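Undergrad: Handing you a structure now.
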Amino acid sequence: MFHPAASALASILSTPTRLTRAGRFEAVLNHIAEEVEGLADRGRPADYIPLLAEVDPRHFGMAVAEADGTVYGVGDWKRPFSTQSITKVFTLALALSLEGEHLWRGVGREPSGNPFNSLVQLEHENGVPRNPFINAGALVVTDRLQALTADAAGRALELLRTESGNPTIDFVPEVAACEATHGGRNAALAHFMASCGNLTTPVPDLLAAYFWQCSIAASCKDLALAAGFLARHGTRTDGSALLTKSQAKQINAMMLTCGTYDAAGEFAYRVGLPGKSGVGGGIIAIVPGVCTLCVWSPGLDRRGNSVAGVLALDRFTTLTGLSVF
Ligand code: DON
C-alpha cells in the first residue's frame with residue numbers, strides 16, 4: 001500500500017543508530033495507526049452476537065510486548081474489548097500443560113478449511129474436531145480443562161490476569177448471556193460430540209464454561225503481555241514454566257496453521273506469524289523469542305478476522321522484518 005509517510009519511516013528503520021529499539025517500535029506503531037486511519041473499508045463488527053454489533057467499528061489499538069515485558073502501544077491499546085476466540089489459546093495452553101499428549105485423543109491438529117462454527121466436517125469425522133481453534137475443537141479443550149479443574153473459564157481468567165499483571169481483567173456477564181441466547185450452533189456442535197462420546201462434561205455445563213470464557217474483556221496491552229509465554233518458549237512472567245519449549249512450539253505452529261480459520265493460509269502469506277483472532281476484532285500474534293503483538297479493530301472480513309487488524313500485522317512484519325520466515 002502506498003502511503004506518503006512510508007518512505008520517511010523506511011529511512012528511519014533502515015538507520016539503526018538513529019533510534020532506540022523502543023523508538024523504532026513506537027515509530028512503526030504510529031505509522032501503522034496513520035495508515036489504518038485512511039482505510040476506506042474496515043469491515044463490519046460481528047452481528048450474530050448483538051452486543052458485539054454495537055461496538056464502534058472505528059476503534060483501533062495495537063500493542064507490542066517484548067519478551068522481557070516492556071510494552072508499547074498506539075490508539076485504543078488500553079481499552080478492553082471482547083476477547084472471544086483469543087481465549088482459545090489460553091485454555092489450550094492450560095489443558096496441554098495439565099493433560100499433555102492425551103489431549104490429542106479428542107481433537108486434531110490440522111487446518112479445517114471451514115468456517116469456525118461449521119458443523120459439516122464434524123459429522124464426517126466422527127465427532128473429532130480438526131483442531132483446537134475452531135469452535136468444536138475449543139469445546140473439547142474446555143471440556144478437558146473443566147474435567148481437570150472444575151473451573152475452565154476461571155482458570156483462563158486467572159492466567160490472563162497473572163500474565164498481564166492486570167487483576168481487573170474480568171468476565172462480562174451480559175456478553176456471556178448473549179452468547180448463550182445466540183449459541184445454537186455451539187450447542188449443536190457440543191451435543192453432536194457428546195453423542196460420539198467425545199465429551200465428559202454435561203453439555204449445559206460445558207457451554208456455560210465456554211460462553212464465560214468467550215466473554216472475557218481485555219485490552220491489547222493486556223493480551224500482548226499475557227501471551228508473552230509463547231514468545232518466551234513457554235516461560236511465565238515469574239520465570240516458571242507453563243509449557244515445555246516443545247509445547248510452546250506446538251501451540252505457535254497451530255496458531256500459524258489454524259488460528260485464523262479458513263483464512264489461515266492468507267494470514268500466513270500476509271503476516272508470516274502465528275496468530276489467533278476473535279470475533280470481537282482482536283488478533284494476537286507471536287514473534288517467538290522476540291515479542292508478542294495484539295491488535296484490535298472491530299470490523300471483520302467475511303471469515304471473521306479483523307480487517308484493520310490483519311492489515312496492521314501485515315504492515316508490522318513488512319516494515320520491521322520480524323516474522324518467522
Ligand atoms: O463461539 C462463538 O460463537 C464465539 N463466542 C467465539 C467465536 C470467535 O471468536 C471465533 N472467532 N473468530
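Undergrad: Looking at region 65-81, which of the residues that are within 16 Å of the chain's Cα centre (by Cα) and aromatic (Phe, Trp, Tyr) is nearest to residue 228 (Cα to Cα)?
TA: 77
Undergrad: Follow-up question, since we're still on this one. Please verify whether residue 158 is assigned to a helix (DSSP H, G or I), more than 16 Å from the ligand (Cβ to nearest atom) and either of a type in the set (Gly, Ala, Ser) or touching a Phe, Trp or Tyr at 6+ places or on another chain (Cβ under 7 Å) (or both), treating the condition exactly as stated.
TA: no
Undergrad: Same structure again: Would you check if residue 79 is in contact (Cβ under 8 Å) with a residue 24 or more places away in the chain, within 24 Å of residue 36 (Cβ to Cβ) and basic (Lys, Arg)?
TA: Considered against the rule, which asks whether it is in contact (Cβ under 8 Å) with a residue 24 or more places away in the chain, within 24 Å of residue 36 (Cβ to Cβ) and basic (Lys, Arg), residue 79 comes out as yes.
Undergrad: Same structure, new question: Go through region 114-153 and count every residue that is in contact (Cβ under 8 Å) with a residue 60 or more places away in the chain and either in contact with a strand residue (DSSP E or B) (Cβ under 8 Å, 6 or more places away or on another chain) or open to solvent by 60 Å² or more (accessible area, probe 1.4 Å) (or both).
TA: The qualifying residues number 6.
Undergrad: Would you check which residues across region 220-232 are aliphatic (A, V, I, L, M) and open to solvent by less than 20 Å² (accessible area, probe 1.4 Å) and list them?
TA: 223, 224, 226, 227, 230, 231 - these are the residues of region 220-232 that are aliphatic (A, V, I, L, M) and open to solvent by less than 20 Å² (accessible area, probe 1.4 Å).
Undergrad: Now for a different question. Can you report the number of residues in region 154-177 which are charged (D, E, K, R) and open to solvent by less than 20 Å² (accessible area, probe 1.4 Å)?
TA: Qualifying residue count for the region: 1.
Undergrad: Next question, about the same structure. Take region 194-211 and flag every residue that is without any contact (Cβ under 8 Å) to a residue 24 or more places away in the chain and open to solvent by less than 60 Å² (accessible area, probe 1.4 Å).
TA: The answer is 194, 203.
Undergrad: Let me ask something additional. Identify, from the list 251, 284, the residue that is within 16 Å of the ligand (Cβ to nearest atom), within 14 Å of the chain's Cα centre (by Cα) and buried (at least 20 other Cβ atoms within 10 Å of the Cβ).
TA: Going through 251, 284 in turn, just one is within 16 Å of the ligand (Cβ to nearest atom), within 14 Å of the chain's Cα centre (by Cα) and buried (at least 20 other Cβ atoms within 10 Å of the Cβ): 284.
Undergrad: I've got another one for you. Taking the residues in region 162-177 that are in a helix (DSSP H, G or I) and touching a residue at least 60 places away in the same chain (Cβ under 8 Å) as candidates, determine which candidate is farthest from the ligand (Cβ to nearest atom).
TA: Checked region 162-177; the qualifying residue farthest from the ligand (Cβ to nearest atom) is 162.
Undergrad: Among the residues in region 52-61, are any buried (at least 24 other Cβ atoms within 10 Å of the Cβ), touching a residue at least 12 places away in the same chain (Cβ under 8 Å) and within 23 Å of residue 237 (Cα to Cα)?
TA: no
Undergrad: Now for a separate question. Condition (residue is closer than 21 Å to residue 50 by Cα and within 12 Å of the ligand (Cβ to nearest atom)) applied to region 200-207: is it met by at least one residue?
TA: yes
Yes or no, residue by residue, for (1) open to solvent by less than 50 Å² (accessible area, probe 1.4 Å); (2) within 16 Å of the ligand (Cβ to nearest atom):
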residue	(1), (2)
179	yes, yes
192	no, yes
218	yes, yes
234	yes, no
239	no, no
258	yes, yes
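Undergrad: Now a separate question. Could you look through region 287-306, keep only residues that are of a type outside the set (Gly, Ala, Ser) and within 18 Å of residue 47 (Cβ to Cβ), and pick out the one that is most open to solvent (accessible area, probe 1.4 Å)?
TA: Out of the qualifying residues, it is 302.
Undergrad: Taking residue 314 as meeting all but one of (1) away from the ligand (no atom under 12 Å from the Cβ); (2) open to solvent by less than 10 Å² (accessible area, probe 1.4 Å), write down the number of the exception.
TA: Result: residue 314 passes all but (2).
The values are calculated or read from the model by the stated rules, or taken from the named source; none is laboratory data. In this text the structure is predicted, and so the values were computed from the model without any measurement. Positions of Cβ are backbone-derived with ideal geometry, glycine not excepted, and every protein chain shown enters the neighbour counts. Ligands, DNA and RNA are stripped out before the accessible areas are found, and what is left, the full protein with its side chains, is counted by its heavy atoms. Shrake-Rupley method; radii C 1.70, N 1.55, O 1.52, S 1.80 Å.
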